[in-house]
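Below you'll find the structure, written out as structure tokens, and then a few comments.
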């Protein structure tokens, strides 16, 4: 009988890393941290208070997921990819289109949500550890349309570990 995979765990709502094969477990790249989220949000308690770890969020909120399974027929689904979801929530009142996410019986419109800082300051939320990510940080203020183009252009990179 083979031995169980070696695992590494982190935080509450633990994210479990395991090796496929004989190697050691490798954690996913970190784009944001719990600390950067809690700089503004005292407690992160979503989905009824049971989801409290930003690293755990990306397990379900990944690039392949939308809310299409819970929408009415002929409704346009919204991406629930963590990157898209969080950027839209924090853009809120500055969005040029309606952002409505359906989760079960809950319908959530984030168009009136604001962000207290300057959304162009990527380092306020993002960690600079990943080279592709660090190279996309803006050192100067850019028009919002440029940021939306850059966000759209990098969406394929979300699927990479």
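The values are calculated or read from the model by the stated rules, or taken from the named source; none is laboratory data. The structure displayed is predicted, hence computed values, not measured ones. Ideal geometry is used to build each Cβ from the backbone, glycine not excepted, and the neighbour counts take in all protein chains shown.
Kindly provide the set of residues from region 120-129 that are in a loop (DSSP other than H, G, I, E, B) and either surrounded by 15 or more Cβ atoms within 10 Å (Cβ to Cβ) or modelled with pLDDT of 85 or more (or both), ordered by number.
Answer for region 120-129, where residues must be in a loop (DSSP other than H, G, I, E, B) and either surrounded by 15 or more Cβ atoms within 10 Å (Cβ to Cβ) or modelled with pLDDT of 85 or more (or both): 120, 121, 125, 127.
Those residues that are over 25 Å from residue 105 (Cβ atoms) and outside any loop (DSSP other than H, G, I, E, B), I need them from region 36-47; list them, please.
36, 37, 38
Being under 17 Å from the mean Cα position of the chain (by Cα), surrounded by fewer than 12 Cβ atoms within 10 Å (Cβ to Cβ) and modelled with pLDDT of 85 or more narrows it down to one residue among 76, 64; which is it?
Only one candidate passes the filter, namely 64.
With touching a residue at least 40 places away in the same chain (Cβ under 8 Å) and in a loop (DSSP other than H, G, I, E, B) as the only criterion, which of 97, 76, 84, 64 stands out? Explain how you work it out, then say what you get.
Working: 97 fails: touching a residue at least 40 places away in the same chain (Cβ under 8 Å); 76 fails: touching a residue at least 40 places away in the same chain (Cβ under 8 Å); 84 fails: in a loop (DSSP other than H, G, I, E, B).
Result of the check over 97, 76, 84, 64: 64.
Of the residues that sit in region 48-60 and are in a loop (DSSP other than H, G, I, E, B) and either in contact (Cβ under 8 Å) with a residue 24 or more places away in the chain or touching a helix residue (DSSP H, G or I) at 6+ places or on another chain (Cβ under 6 Å) (or both), which one is surrounded by the fewest Cβ atoms within 10 Å (Cβ to Cβ)?
Taking the candidates together, the pick is 50.
Check region 108-119 and report whether any residue there is outside any strand (DSSP E or B), buried (at least 16 other Cβ atoms within 10 Å of the Cβ) and touching a residue at least 40 places away in the same chain (Cβ under 8 Å).
Within region 108-119 (the criterion being outside any strand (DSSP E or B), buried (at least 16 other Cβ atoms within 10 Å of the Cβ) and touching a residue at least 40 places away in the same chain (Cβ under 8 Å)), the answer is no, since none of the residues qualifies.
Please go through region 15-34 and give me each residue that is under 18 Å from residue 115 (Cβ atoms) and outside any loop (DSSP other than H, G, I, E, B), ordered by number.
Scanning region 15-34 gives a single hit, 32.
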